[in-house]
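Here the structure is laid out as structure tokens; the discussion comes afterwards.
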Amino acid sequence: MKKNINDKSWARWTTVELIVTAVISVAFGLLFMAYSLLYVALVPVFGQVGIMIFLGLYYIIGVLVPYIVRRPGAAILASFLAALTELAVGTPFGIAALWAGLVQGAGAEAVFAVSRWRNYRWYTLILAAIVSGIFAFGYEYILFSYGSLEPVVRIGLFLVRIPSAAVLAGLLGKVIGDALARTGVLRSLRISKR
Amino acid sequence: MIFRSYTEGNSFLHRMNPAMKLLTLSLFLMVPTLFLDPATPLAFLLLSLLLALILGRISPFKLLHQMAPFFVVMLGICVFSSLFYGGPKSELLLHLGPVTVYREGVAFGLSIGLRFLCVLSYSSIFVRTTDPTLLASSLIHQVHLPYRIGYTVLTAYRFIPILQWELSNIRDAHKIRGGYREGIWARLGRIRRYGIPLLSNGIRRAERMAISMDARGFGTALKRTYYRPTSLRTSDVLFLIGSVLVIVCTLIGLNRFGLLRGFLAGVAESLVEH
Amino acid sequence: MTEFMTEFAIEVDRFSCRYLENGPWVLENVSFQIRRGETVLLLGPSGCGKSTLALCLKGLIPHTIAGETRGKVRIGGTSVGEEIEISGEGIVFQDPESQLIMPRVDEEVAFGLENMAVPLSSMDERIDRALSKCGLASYKKQLVETLSTGQMQRLALASVMAMQPSIFIFDEPTANLDPEGTEHFYQDLRALKGSMEVTIFLIEHRIDMALPLVDRVLLMDQNGRIAADGEPHQVFENGPTGRDRIWLPTACRLTEMLKNGGYAVSRTPLSLDETEALFRRVFPRLQINSGVSERASISHSDPAVPRHSSVASPSASTDKVPAIAVRGVSYSYPSGQVALDRADLHIDEGTFLALIGANGSGKSTLAKAISGLIRPKEGQISLFNQPANRLRGSQFMQYIGYVFQNPEHQFVTERVEDELAYSLKRQYPPEDLVFRTGELLDSFALRGFEEANPFSLSQGQKRRLSVATMVALKQPILILDEPTFGQDPDSARLLMQHVQRLHKQGKTIVLITHDMHLVLAYGELTAVMYRGRVIFQGTPDELFRESEILVRASLSPPFEVQLGQRLGDPSLFTRGDWLERLSALQSGLL
């Protein structure tokens, strides 16, 4: 049974889509490593809660890739591969990052699933980013035992990431996706077929 | 720049099925998160060093050395968690203006910090002993991930050195155009400007790679063979069972010494009472 | 191996293809047939549709890449439709690195076999056989990322070979390789042809190298139509005209000049041997390994050829300002690999220098050191007598424009106009910008593209834009890193014309290249690098006489130089007056 690009099956990924997902995920995985260093360096300035204002960027991969590729599973796969890249180049969060990636990705995926992977407008992207952040909060809750922190702090850790996700992942994801589309390099991907 | 976290070797861990390894090490990693005392993660940390030495032939010193740069991060986590501890408190240790530190807080802080070190340690062990191709293979064969996604994982590995190289080229190319500034904001701006060339070049390469794969018949046939298949062996299963046993014993032991705290501590106590 | 029952391995029947719905046809009504066992060469300008044709032959259009097709392509009698032919055809592409997907060499070769469901027990044997045919047997367990570009391309070939197709399609396989890599690849190609009956469809620019292997030539024109189809002698004897003249092999060009000079030539030679034989027949007074060279030195020495020191030490005797002086510079990568080993280089102002050497010899590293991108561990560099270690990063920009190999790496904005302005505004006030931008747009044929996104331009345009941004501040030195990389001779020539114009304006040009044709055509001076040292500095003519240096640096001289070598004087054909001189020799005037 042979398939080709003219196959209308909306669930079947083409090889191009798979490898493009890989390369974008790796690029961001590398970026996240560098970003993490910056992040850690700024903690004394912003405090552990304040620093979360920068946290949103990590969720961008679950927005940008689905925005470009528009296939089921894009958010989870991309987040997983980005985390795998981080693991491979030595992020201190190692395997925990891997599971974190899956969890974050699942959050974004859930949002896209609701529209059966058809709606990629700006508000969907922002929502996906936010839900990503919420799922990530749940994961961190267990990993870092947020349950034992002062309630005020707990709420802070939750709330600050919401606008961060919306802007640094949702909006920025759309901006980057559109900028890439303008270079013409996304011609054969579903983002270009409105 | 050659990216190589995987160091070849011939230890039990090297030969172990990667997917199973991932699962087992994740268990070791996750269990300490269920408890709130510092002794548990410490015990698991020591366990990891033991594991690395005995089954991985990795010197604990090497492992600690690799983790050294992140001790600062650990310290930061300890301090933060201590300061904002919200659980049951009894003994006040420090009172400087708005800052209050309790004994329980410090214990909690240490606990979280040590957890972080555990994550670091087990992750290092995993990365050092796992061949990427075999990891992808075991994801395909043991986890039953569709093989096309498994190979996508491999291409991700291929891209890491390629993109690192591209990034340094882009950085040089931008430098020669002037306007290179130091500082946080400059760095952030650079991230934005390097992103587009990096991604667009990368996507073009990705297309070419996909073409090369399809040209060699990727994804067309129903039946497929594998050059380096991985299988689940008895030793892998035994390792899993053994690990669970070790974990349980450690927990019981800790409980014996009255060191266990946290919401599962109560469960453990009641179990032991039987 | 898949056996074909029909006579024709490939049949293309009134085939057309386009990417965009209602867009222009990239290929139009193309028809030809290729017999089993034939080796065919496809020539054509950049963008004419050659690569598209290759993809269609394999069925990758429409399988992987969206496109609309009309007409038929038949491989071994079966129509290539919407399905991919796995084992019948193998295809090797231009960019080696993007074809390799696995971490290890043997895994890469195994990939195709896995897709063909070859049983595990047979894999090793097939892998070993393919690797040894491509000279990679000792690299079996090595990581792909440690291979050189040339080796990567051989691996791509091995990986296809292992699948034992009966048709091989090559889409500009040596465009990204250095001379050594190209040489090895052609070795593999020759071996391939010799060992089994395969049909080869080769798309290439290096006509001189490819011709000896080829039974038939197809010439494609700008519009994606077949302009000529026949035996090589047939196609070239009648001479392509106009713009297609670029595809004339050097042998034919020389023969044509002979004919125009009144000499009778019965059959146009194509290979080096044939050409040598022809010249010896026409000029019997040529003696082996002597002849022209001795007498040439007595006769008028061409004043147009500058005489520089041909030894690898800097000449301090001229009164010209040294634009770039490099003394004893060493540099190693963080990984420990030595990139520069006490390199010396001396470039006078206004010189056009071609910097050549194999991949990894240190050319780019030296250029980066000169540009201040890396600081050498030891040694001194000075630009116009200004020591480089006292210059701050931004000051280098005043002296040097550096055009990177991949023009995209240098783009920082989203509009061509902004791109130029970005460079200009470092020096000129905002009021001047419009005027100066306009100047650059006109000089580099980019008018009309002010609003365009730099990434969406054609290859040639991107390069010109890249050069434009690098001369915007009227820097006296321009370094170009492989500017004609992967381009066809035509677009390469266009770019070089721009560069030559800049040279005539007095700029010092450093051209890093593999392309010996460029060296011959444009290089005033050459410097050869080998393992981080400059082992030769002198004119191209002097270089071609140093056969030891050529061998050590793995450089293969262009056709006319090799012919000259065989006839006794390597630089015989590099001067325009070779016909007069040979005639003079023949009639005994020398």
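Here the spin labels are modelled as points 7 Å beyond Cα on the Cα-Cβ line, and at C:Val434 and A:Ala34 they lie 3.7 nm apart. Burial of accessible area (probe 1.4 Å, heavy atoms of protein chains only) in the range C:142-191, relative to its chain alone, reaches at least 50 Å² for C:Glu145.
On the basis of the beta-carbon distance and an R0 of 51 Å, C:Asn29 and B:Val246 show a calculated FRET efficiency of 0.10. Normalised per residue, the accessible area of chain B is 45 Å², obtained with a 1.4 Å probe and no contribution from ligands, DNA or RNA.
Report, in listed order, any pair from A:Lys193/B:Lys175; C:Lys58/C:Lys193; C:Lys363/C:Lys474; C:Lys462/C:Lys504 with a Cα-Cα distance greater than 28 Å. Mind dumping the intermediate values first?
Working: A:Lys193/B:Lys175 37 Å; C:Lys58/C:Lys193 20 Å; C:Lys363/C:Lys474 24 Å; C:Lys462/C:Lys504 23 Å.
Pairs exceeding 28 Å: A:Lys193/B:Lys175.
Straight-distance candidates among the aspartates and glutamates for linking to C:Lys140, with alpha-carbon spacing under 15 Å and chain neighbours fewer than 8 residues away dropped: C:Asp106, C:Glu107, C:Glu108, C:Asp124, C:Glu125, C:Asp128.
Of all DSSP-defined beta bridges confined to the protein assembly as shown, some 55% are antiparallel rather than parallel. For the range A:49-142, the share of accessible area belonging to carbon and sulfur comes to 74 percent (1.4 Å probe, ligands and nucleic acids excluded). Taking every DSSP helix (H) stretch of at least 4 residues in the protein assembly as shown, weighting each as -39,500 (n - 2.57) and dividing the sum by the residue count yields a mean residue ellipticity at 222 nm of -16000 deg cm²/dmol.
Can you give the Kirkwood hydrodynamic radius of chain B from its Cα pairs, in Å with one decimal? Walk me through the numbers on the way to the answer.
On the way: mean 1/r = 0.0446 Å⁻¹.
About 22.4 Å, per the Kirkwood formula over Cα pairs.
Buried surface for the A/B pair, taken as the accessible area of each chain alone minus that of the pair with a 1.4 Å probe, is close to 5200 Å² in total. Our coupling estimate for the range C:532-547, obtained by passing each phi through the Karplus curve with A = 6.51, B = -1.76, C = 1.60 and θ = phi - 60°, is x, 10, 8, 9, 7, 9, x, 6, x, 4, 4, 4, 5, 7, 8, 5 Hz, Gly and Pro reported as x. Using the Cβ-Cβ distance between A:Arg182 and B:Leu93 with R0 set to 51 Å, the FRET efficiency from 1/(1 + (r/R0)^6) comes to roughly 0.30. Separation of the range B:6-27 and the range C:342-405, taken as the distance between their Cα centroids, equals 48 angstrom. Take the range A:19-184 with all the other protein chains still there, run a 1.4 Å probe, and you get 33 Å² of accessible area per residue. Applying a DSSP loop filter and a limit of 14 other Cβ atoms within 10 Å to the chymotrypsin sites (Phe, Trp or Tyr not before Pro) in the range C:328-407 leaves C:Phe384.
Stokes-Einstein, applied to the Kirkwood radius of the range A:19-184 over Cα pairs at a viscosity of 1.567 mPa s and 4 °C, places its translational diffusion at 83 µm² s⁻¹. Sequentially through the range C:377-393, phi angles give Karplus couplings (6.51, -1.76, 1.60; θ = phi - 60°) of 5, 8, x, 10, 10, 9, 10, 6, 6, 9, x, 5, 6, 9, 8, 8, x Hz, Gly and Pro residues having no value and appearing as x. With Cα atoms as the point set, the radius of gyration and Dmax of the protein assembly as shown evaluate to 32.3, 118 Å. Beta bridges assigned by DSSP with both partners in chain C are antiparallel in approximately 55 percent of cases. Working from label points 7 Å from Cα in the Cα-to-Cβ sense, the B:Asn10 to C:Ala584 distance is 7.3 nm. With a cut-off of 13 Å, note down the residues of the range A:35-52 whose backbone N falls inside the zone around a label point 7 Å from the Cα of B:Leu75 toward its beta carbon. Counting only backbone N, you get A:44.
Using only the heavy atoms of the protein chains and a 1.4 Å probe, how would A:Tyr141, A:Tyr120 rank by accessible area, largest first?
Values: A:Tyr141 85, A:Tyr120 15 Å².
The ordering from most to least exposed comes out as A:Tyr141, A:Tyr120.
The loop-placed trypsin sites (Lys or Arg not before Pro) in the range B:26-124, going by DSSP, that have at most 15 neighbouring Cβ atoms within 10 Å of their Cβ come out as B:Arg57, B:Lys89. Once the Kirkwood radius over Cα pairs is known for the range B:143-215, the Stokes-Einstein relation at 10 °C and 1.306 mPa s delivers a diffusion coefficient of 111 µm²/s. Extending 7 Å from Cα along the Cβ direction at C:Lys259 and again at B:Leu23 yields two label points whose distance is 7.6 nm. Pairing chains C and B buries close to 4800 square angstrom of accessible surface in total, based on protein heavy atoms and a 1.4 angstrom probe. Using every Cα-Cα pair within chain C, state what percent have a distance larger than 39 Å. Above the 39 Å cut-off, chain C has 36 percent of its Cα pairs. Exposed loop positions in chain C were taken to be GluC sites (Glu not before Pro) whose DSSP state is not H, G, I, E or B and which have at most 13 other beta-carbon atoms within 10 angstrom. Between these positions, the longest stretch is C:198-450. Counting heavy atoms of the protein chains alone, B:Thr250 has an accessible area of about 30 Å² for a 1.4 Å probe. Note on A:Ile155/A:Tyr123: beta-carbon distance plugged into 1/(1 + (r/R0)^6) with R0 of 30 Å gives a FRET efficiency of 0.75.
Tell me the carbon and sulfur percent of the accessible area for chain C, rounded to whole percent, probe radius 1.4 Å. Exposed carbon and sulfur together represent 48 percent of the surface.
The values are calculated or read from the model by the stated rules, or taken from the named source; none is laboratory data. Keep in mind that what you see is a predicted model, and the values were worked out from it rather than measured. Note: ideal-geometry Cβ built from the backbone for every residue, glycine included; neighbour counts use all protein chains shown. Heavy atoms of the whole protein, side chains included, go into the accessibility calculation; ligands, DNA and RNA do not. Shrake-Rupley method; radii C 1.70, N 1.55, O 1.52, S 1.80 Å.
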